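Here is the structure we will look at.
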Protein chains: 2
Amino acid sequence: MSALGIDYGGTHTKLLLVDEGGAVLSRETVPTGTLAELGASVRRFLETASVAAQSFAVTVAGTLDPSTGVVRRSANLPWLDGVAPAEVLSELLGIPGVAVQDGEAGAIAEARFGAGRGSDEVFVIVLGTGIAGAHVLSGSVQRGAHGGAGEVGHVPVADNGVTCSCGQVGCLETAIGGQQVGLRWRDRGAENQDASAQDVVAAAASGDEAAVAVLDDAARALGRAILNVSALVDPALIVVGGGVSRSPEWTVEPAVAYARENATFHVVPELRLASLGVWAGAHGAAAVAADTFVGARAQAHRP
Amino acid sequence: MSALGIDYGGTHTKLLLVDEGGAVLSRETVPTGTLAELGASVRRFLETASVAAQSFAVTVAGTLDPSTGVVRRSANLPWLDGVAPAEVLSELLGIPGVAVQDGEAGAIAEARFGAGRGSDEVFVIVLGTGIAGAHVLSGSVQRGAHGGAGEVGHVPVADNGVTCSCGQVGCLETAIGGQQVGLRWRDRGAENQDASAQDVVAAAASGDEAAVAVLDDAARALGRAILNVSALVDPALIVVGGGVSRSPEWTVEPAVAYARENATFHVVPELRLASLGVWAGAHGAAAVAADTFVGARAQAHRP
C-alpha cells in the first residue's frame, strides 16, 4: 500500500513515495507548473519508482473547502482558484487522491514523524510571515467546527496596540510574525525600512537596544500564547518551526522561560524545534493519502 | 444494559438509573453520607427499581487522578481524600464502577442530552464561584495531556489588574466569577462588603452605575474569552451554565454581542444556556458508566 505525497509549492514541487509503513521509497523535486504539467512530472517520477502509487494527496498553499476539495484562493498558484486539484490529478494519474492544506500537512508530519514523534497530543506553531497553529491529536489535525481551530497567531497577547492584519489589536502575529518583527523595530526608531526578522536578530546580537526590546516583546507574547494554549488545549508537547524559530535563543527559548516563570496551574509542555525541514509537507501529504484511501480501498474490496 | 449515575454532592446525592438508550428508568435524591452510607442508599434505590444496574459512575467534587480513580482532594467531602470511591462502592454494590469529575460529568450531559444535543463539537462554560470549561467532542471531554484543558476561567482577558486565585493577573474569573463580581463592585465603591453576583445584577437593574460598569467589564471579558475559544478550539456551539448565567441579559447576552462585534476571522458559534439544571451531573455520570463498561463487557463476553 504505497502512497504519494505531492507538496505543490510556489516555485518547486516535492514528490515523495512512501510504503505502508511510511518508509521513503523515492523522492524528487520538480519545478512547479500547471496541473497538466504536474501530472506529467508525476507520471515520469512514478515510472522510475519500483512500486506503483496507490493513492496521493496534494498540498494547497491557500484556502480550501475541505468538503469539496475546491481551492477558494491560492495567492501563489492562481490557476488553482475555484479548481479541485485532486480531482484533476486523479483523472490524469488514474489513482484516487485528496487535497490538504499545506500547513495541515506540515503539522501532521512534524507531529507524527518529526519533532513530535512518540507524543499523541502535539501543538505545532509555525512562525513565518504569518503564524500558523495546529493541534494534532493522535496524528490528526483538530480543525474545529468551521476549520478555524489552532489560530494561535490571532490570540491577543501583545501590549503593543498594533492592529493586526486580521483586524484585532495585539495578536501574537503583530509581535513575532516575520515582517512584523521588522516593523516593530522601525516603530522603535530603526532606520532600516524593510528589515527581516533575521536582520533584527543580527542587530540585537550586536547590541542594538531597540532590536533587543523588539525581540523581548516578541518572546513575551509567544510565552503568553503558550500559556493560553496550555490552559485551553493542554498539549503534551509544542513543536515550533518557521523562519523566526531559526534563532531560538532570541525567540523560542526566552518565550518558554517566560511561560515557565509565569505559569500558575498550567503544565507548560516540553517545547521542541521542528525537525523535518522542507520535506515536511510532502511527508504529511503522503500520510494523509494513506489515511484517506486505506479505508476506502478496504471497503471497495469487501465482498 | 442499564447504567447508574451517582452525583455525590456536598449535601445531597442524586441517583439516576438509565436504560441503554439513556432513557430514565428511576431517580432519587438522598442525603449525602459516607461511602458506606451511600452504598446502603444505592442498594435500597436499586431494590425498588424494576431493572438491575449493570455498572455505575460516581462524580467527585474535587481533583481526581484519572489513571487510578483516587481523589486527590475534595473540599466538601474530605473523607474521600486519598480514596478511590468507585472501588469502594464497587465492592459494596457488586457491579463495576468508575469515578468522574463532577464538572466533566455535567459538561458531558449538557453537550449530549441538554443544550448541546445534536451538535458534535460543544464548549461548555460554567459561570459559578469558579469558572469551569470543557471541550466536548463527539460526546467526550477533551482533557488534554495533563487533564488541564478547557480552563477558560484562567485565560487573561480582563483589564482590571486583579490577581486571580490561580496567581495570574486579569483571568476571566476575576471579572465574572460569582464572588469576584461582588468584589469588583466593592472596588468601585459599593458599601455591600459581601455582595453576590445576583446582588450586583439587582443593583444594576435599579440603575446603580458602579454595578452596571462591573457587569459591562464582566461581559466584555467573557466576550474576549469566547473569541479566544473560537480562535483556538472553534466549537460549533457554546453552552453556558452556572449561577452567573441566570441573568443572561446582564452577562451572557452582552458577552456574545461583544464577541460578534469584535470578531474578525472568527466564526462566533451559537451560544445556548444550559438546560439540564441540577440533574446534569447524574445524567453525565450514567453516560460515563455506559461508555466505560459496555466495551469492557463486550470484551468479557468474547469466546
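Figures for the structure shown
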| quantity | calculated |
| --- | --- |
| Inter-residue pairs, beta-carbon under 8 Å, first within 14 Å of chain A (Cβ to nearest Cβ) and surrounded by 24 or more Cβ atoms within 10 Å (Cβ to Cβ) and in the range B:262-289, second small (Gly, Ala, Ser) and in a helix (DSSP H, G or I), 6+ apart | B:PRO269/B:SER230 |
| Test result for A:ASP65, closer than 18 Å to A:ILE95 by Cβ, touching a strand residue (DSSP E or B) at 6+ places or on another chain (Cβ under 9 Å) and acidic (Asp, Glu) | no |
| Flag if B:ALA111 is within 22 Å of B:VAL267 (Cβ to Cβ), within 14 Å of chain A (Cβ to nearest Cβ) and part of a helix (DSSP H, G or I) | yes |
| Matching option when the condition is charged (D, E, K, R), out of contact with any Cys (no Cβ under 7 Å at 6 or more places or on another chain), buried (at least 18 other Cβ atoms within 10 Å of the Cβ) and over 30 Å from B:ALA99 (Cα atoms), among B:ASP199, B:ASP217, B:ASP234 | B:ASP217 |
| Test: residue in the range B:189-212 that is touching a Leu at 6+ places or on another chain (Cβ under 6 Å), of a type in the set (A, V, I, L, M, F, W, C) and over 22 Å from A:GLY150 (Cα atoms) | yes |
| Candidate set from the range B:189-223 (those that are modelled with pLDDT under 95 and of a type in the set (D, E, K, R)); member that is farthest from B:SER247 (Cα to Cα) | B:GLU191 |
| Residue list for the range A:162-207, filter: charged (D, E, K, R) and touching a strand residue (DSSP E or B) at 6+ places or on another chain (Cβ under 9 Å) | A:GLU173 |
| Residue match in the range A:152-162 (condition: part of a loop (DSSP other than H, G, I, E, B), farther than 22 Å from B:GLU121 by Cα and in contact with an Asp or Glu (Cβ under 7 Å, 6 or more places away or on another chain)) | yes |
| Condition check for A:VAL58: closer than 24 Å to A:VAL70 by Cβ and outside any strand (DSSP E or B) | no |
| Members of the range B:200-234 that are in contact (Cβ under 8 Å) with a residue 24 or more places away in the chain, in a helix (DSSP H, G or I) and within 14 Å of chain A (Cβ to nearest Cβ) | B:ARG220, B:ALA221, B:GLY223, B:ARG224, B:ALA225, B:ILE226, B:LEU227, B:ASN228, B:VAL229, B:SER230, B:ALA231 |
| Pick from the range A:235-250, criterion within 13 Å of chain B (Cβ to nearest Cβ) and in a loop (DSSP other than H, G, I, E, B), ranking: nearest to A:GLU104 (Cα to Cα) | A:PRO235 |
| Meets criteria (farther than 21 Å from B:ALA111 by Cβ and in the same structural domain as B:ALA289 (by TED's automatic domain parsing)) for B:GLY82 | yes |
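Quick grid of which residues meet (1) surrounded by 18 or more Cβ atoms within 10 Å (Cβ to Cβ); (2) at pLDDT below 95; (3) assigned by TED's automatic domain parsing to the domain that holds B:VAL229:
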| position | (1), (2), (3) |
| --- | --- |
| B:ALA111 | yes, no, no |
| B:VAL126 | yes, yes, yes |
| B:VAL136 | yes, no, yes |
| B:SER140 | no, yes, yes |
| B:ALA158 | yes, no, yes |
| B:VAL162 | no, no, yes |
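The values are calculated or read from the model by the stated rules, or taken from the named source; none is laboratory data. These figures come from a predicted structure and were not determined experimentally. Every residue, glycine as well, gets a Cβ built from its backbone with ideal geometry; the counts of neighbours run over all protein chains shown.
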